[in-house]
Amino acid sequence: HPAAVKQWRECRTLLHEAASDGSLSLVGLLLGAGAPLWRADEEGQTALHAACASEQVEAARLLSDQTPCWELTVEDNYQMTPLHLATESGVEPLVALLLERLTQLSGTPGADVDAIKQLRRGTVQFLAGIELCATAAAAQRAGRRARRRRQCERAQIVRSRRRCEGEGLLTTPI
């Protein structure tokens, strides 16, 4: 349960390292041997956080296969859940996996459905913000390109007129 995770802090475990490296066979072996998923490192991150921060989709799938997967809702010392880390990385299959797992978790007795909805909603808002920033940046780049193109066209016209003046082809100076 998330409250239990907040009370337990220690160094990174072998499961953290295996998840971060995407070593699926080692993750599977450790899970089979009973390695605790809820154990957090000194930054408050579980192995699921480590997999998401390292963009390891299949490791995250293995770690979140257990039901219920309370680690989905655990916030680290920076108030980041595994879903926040996945969203920040922009790896769509990872985000989709965690959203699916959160949907499954919301049907679990004892799950804080409102907190899960808020987490999902916040992620959508975060993604929308990224999209808006990308759209604004693209518009700025397009505007700069158009300005540069107009400046080049004006400079080319001026150079052409001056050349024509120099050759006596223009009777009216610029």
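The values are calculated or read from the model by the stated rules, or taken from the named source; none is laboratory data. Predicted model, so just to flag it, every value in this text is computed and none were measured. When we count neighbours, we look across all protein chains shown, and the Cβ atoms used for this are built from the backbone with ideal geometry, even at glycine. To get the accessible areas, we keep the full protein, side chains included, count just its heavy atoms, and leave off ligands, DNA and RNA. Shrake-Rupley method; radii C 1.70, N 1.55, O 1.52, S 1.80 Å.
Odds and ends about this structure:
- Looking across segment 73-113, the residues that are of a type outside the set (Ser, Thr, Tyr) and under 17 Å from Glu43 (Cβ atoms) come down to Val74, Glu75, Asp76, Asn77, Gln79, Met80, Pro82, Leu83, His84, Leu85, Ala86, Glu88.
- Filter result for Asp76 (modelled with pLDDT of 90 or more, open to solvent by 60 Å² or more (accessible area, probe 1.4 Å) and not in a helix (DSSP H, G or I)): no
- Residue count for segment 98-123, restricted to those that are under 20 Å from Leu62 (Cα atoms) and assigned to a helix (DSSP H, G or I): 9
- Test: residue in segment 56-68 that is in a helix (DSSP H, G or I), without any contact (Cβ under 8 Å) to a residue 60 or more places away in the chain and more than 16 Å from Ser20 (Cα to Cα): no
Per-residue answers, yes or no, for (1) open to solvent by less than 20 Å² (accessible area, probe 1.4 Å); (2) more than 21 Å from the chain's Cα centre (by Cα):
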site: Leu14; (1), (2): no, yes
site: Asp21; (1), (2): no, no
site: Leu26; (1), (2): no, yes
site: Leu31; (1), (2): no, yes
site: Gly34; (1), (2): no, yes
site: Gly44; (1), (2): yes, no
site: Ala50; (1), (2): yes, no
site: Glu55; (1), (2): no, no
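- Test: Gly90 is small (Gly, Ala, Ser), loosely packed, with under 10 Cβ neighbours inside 10 Å and at pLDDT 80 or above: no
- Inspection of segment 115-138 finds a residue satisfying the criterion of being more than 19 Å from the chain's Cα centre (by Cα) and at pLDDT 75 or above.
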